[in-house]
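Peer 1: First the structure, then my questions, so here it is.
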Amino acid sequence: MRRFRFDEQAGREIERFDSVGAVFSRILRTKDAVSIGCIHVKAGGVVGYHPAVCPQLFLVVNGEGWVRGEDDERIPIQAGQAAFWQAGEGHESGTESGMTAIVIEGEELDPDSFMTLLEA
């Protein structure tokens with residue numbers, strides 16, 4: 001067995017897009033260009049507004065915060081919930097109390113095929 005880290009200390013601070021208090025830890029990238037990582041957002045932190053390079057699934061695994069798409073409405077999100085953005089869609093996320101999310105990016109992502117839709 002081999003063990004690996006993806007905690008904050010293994011990551012790099014996100015400085016692009018006017019982000020504050022956010023660290024990204026890489027987990028893996030597959031041959032077919034699926035990328036998986038972990039974002040650690042400190043209390044009061046923000047991953048600034050930017051377009052998704054490709055379809056992106058943001059899975060909150062700890063804490064709570066908010067996400068938004070191309071409008072200015074901040075939608076609450078918490079552990080056990082996910083947000084999905086299409087390629088090119090502007091988005092942003094943040095938290096007042098701290099939040100950790102697994103981020104999966106890839107051209108073939110289709111969460112509608114497997115995940116339960118969260119009712120508004």
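The values are calculated or read from the model by the stated rules, or taken from the named source; none is laboratory data. It should be emphasised that the depicted structure is a prediction, and the values quoted were computed from it without experimental measurement. When we count neighbours, we look across all protein chains shown, and the Cβ atoms used for this are built from the backbone with ideal geometry, even at glycine.
Peer 1: Condition first: under 24 Å from PHE4 (Cβ atoms) and buried (at least 18 other Cβ atoms within 10 Å of the Cβ). Can you find one or more residues in the range 27-35 that meet it?
Peer 2: Within the range 27-35, not a single residue is under 24 Å from PHE4 (Cβ atoms) and buried (at least 18 other Cβ atoms within 10 Å of the Cβ).
Peer 1: Can you tell me which of GLY69, GLY90, GLY98, GLY65 is in contact with a Ser or Thr (Cβ under 9 Å, 6 or more places away or on another chain), in contact (Cβ under 8 Å) with a residue 12 or more places away in the chain and among the small types (Gly, Ala, Ser)?
Peer 2: The match here is GLY65.
Peer 1: Let me ask another. Return the residues of the range 20-46 that are in contact with a Lys or Arg (Cβ under 9 Å, 6 or more places away or on another chain) and aliphatic (A, V, I, L, M); say none if nothing qualifies.
Peer 2: VAL20, ALA22, VAL23, ILE36
Peer 1: Just give me the residues in the range 77-120 being at pLDDT below 95 and of a type in the set (Asp, Glu), in sequence order.
Peer 2: Matches in the range 77-120: GLU107, GLU108, ASP110, ASP112, GLU119.
Peer 1: Okay, next question. Would you mind stating whether PHE58 is within 19 Å of GLU13 (Cα to Cα), crowded, with 17+ Cβ neighbours inside 10 Å and at pLDDT 95 or above?
Peer 2: So PHE58 fits the description; yes.
Peer 1: To continue, here is another question. For residues that are part of a loop (DSSP other than H, G, I, E, B) and either under 15 Å from the mean Cα position of the chain (by Cα) or at pLDDT 95 or above (or both), tally how many sit in the range 19-30.
Peer 2: 1
Peer 1: Quick one: which strands (runs of 3 or more DSSP E) sit completely within the range 40-120 and have at least 3 residues that are within 13 Å of the chain's Cα centre (by Cα)?
Peer 2: Counting at least 3 such residues, we get 56-68, 82-85, 90-94, 99-105.
Peer 1: Continuing with this model, one more query. Hey, does the range 31-38 have a residue that's in contact (Cβ under 8 Å) with a residue 40 or more places away in the chain, assigned to a loop (DSSP other than H, G, I, E, B), within 13 Å of the chain's Cα centre (by Cα) and at negative phi?
Peer 2: No, because not a single residue in the range 31-38 is in contact (Cβ under 8 Å) with a residue 40 or more places away in the chain, assigned to a loop (DSSP other than H, G, I, E, B), within 13 Å of the chain's Cα centre (by Cα) and at negative phi.
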